[in-house]
Amino acid sequence: MRQYYLLIVVAVVALDRFTKRLVIQKVPLYSSVDIIPGLFRLTHLENTGAAFSLFADSPGPWAGRLLVVFSLTAVVVISVLLWKSHTINLTTISLALVMGGALGNLWDRLVRGQVTDFLDVYIGTHHWPPFNVADSAIVVGALFLAGKALFTPNKTKTS
């Protein structure tokens, strides 16, 4: 079963690295390419903060270091959980997605000190902060985990 978790993690990291490299090479920094006008474009940004530019304006290096420590901690905890698991299910798939996303952004933080964001969704003046494939994997994995926690019947008996 572990090979399936590893496959998900590697696929997320590889897709994240490939898309970020492509954007860096093809789209000048702070430039945009309309994909669906009025809804979606590729915008090349470099983010020193967390997902969706959280903490990007924090003064000093503490925020970046804290994000590296948080990412490393998440990767270690998720690795232990996946190692202990012997089945593939929504929980383990979700954890593998989160781990792949965390590793994708951690790679950028360690190598470049910032993360490339480029997926830019907006409607009129309503604008979602730009994000990347790694952020998407983290959010999808977290949503799957939250959905499972909220909508799975509790099997404990009360008497």
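The values are calculated or read from the model by the stated rules, or taken from the named source; none is laboratory data. Remember, predicted model here, so these are calculated numbers, not experimental data. Backbone-built Cβ (ideal geometry, glycine too); neighbour counts: all protein chains shown.
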Worksheet item: Identify, please: which residue in segment 98-149 is of a type in the set (S, T, Y) and at pLDDT 95 or above and is, among those, farthest from L72 (Cα to Cα)?
Response: Y122
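Could you grab me the full set of residues in segment 113-159 that are among the small types (G, A, S) and under 12 Å from the mean Cα position of the chain (by Cα)? Steps first, please.
Just the residues of segment 113-159 that are among the small types (G, A, S), to begin with: 113, 124, 134, 136-137, 141-142, 146-147, 149, 159.
Scanning segment 113-159 gives A134, S136, A137, G141, A142.
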Worksheet item: Looking at T73, T125, which is the one that is surrounded by fewer than 17 Cβ atoms within 10 Å (Cβ to Cβ), of a type in the set (V, I, T) and farther than 27 Å from Y4 by Cα?
Response: T125
Worksheet item: In segment 111-151, how many residues are of a type in the set (A, V, I, L, M, F, W, C) and under 16 Å from R21 (Cβ atoms)?
Response: 6
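Being over 13 Å from the mean Cα position of the chain (by Cα), surrounded by 22 or more Cβ atoms within 10 Å (Cβ to Cβ) and within 24 Å of L150 (Cα to Cα) is true for just one of I78, I88. Which residue is that?
Numbers: I88 fails: surrounded by 22 or more Cβ atoms within 10 Å (Cβ to Cβ).
The unique qualifying residue is I78.
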Worksheet item: Hey, does segment 72-89 have a residue that's modelled with pLDDT of 95 or more, touching a strand residue (DSSP E or B) at 6+ places or on another chain (Cβ under 6 Å), within 19 Å of R17 (Cα to Cα) and not charged (D, E, K, R)?
Response: no
Worksheet item: Can you tell me which residues in segment 1-59 are of a type in the set (S, T, N, Q), at pLDDT 95 or above and surrounded by 14 or more Cβ atoms within 10 Å (Cβ to Cβ)?
Response: T19, S32, T43
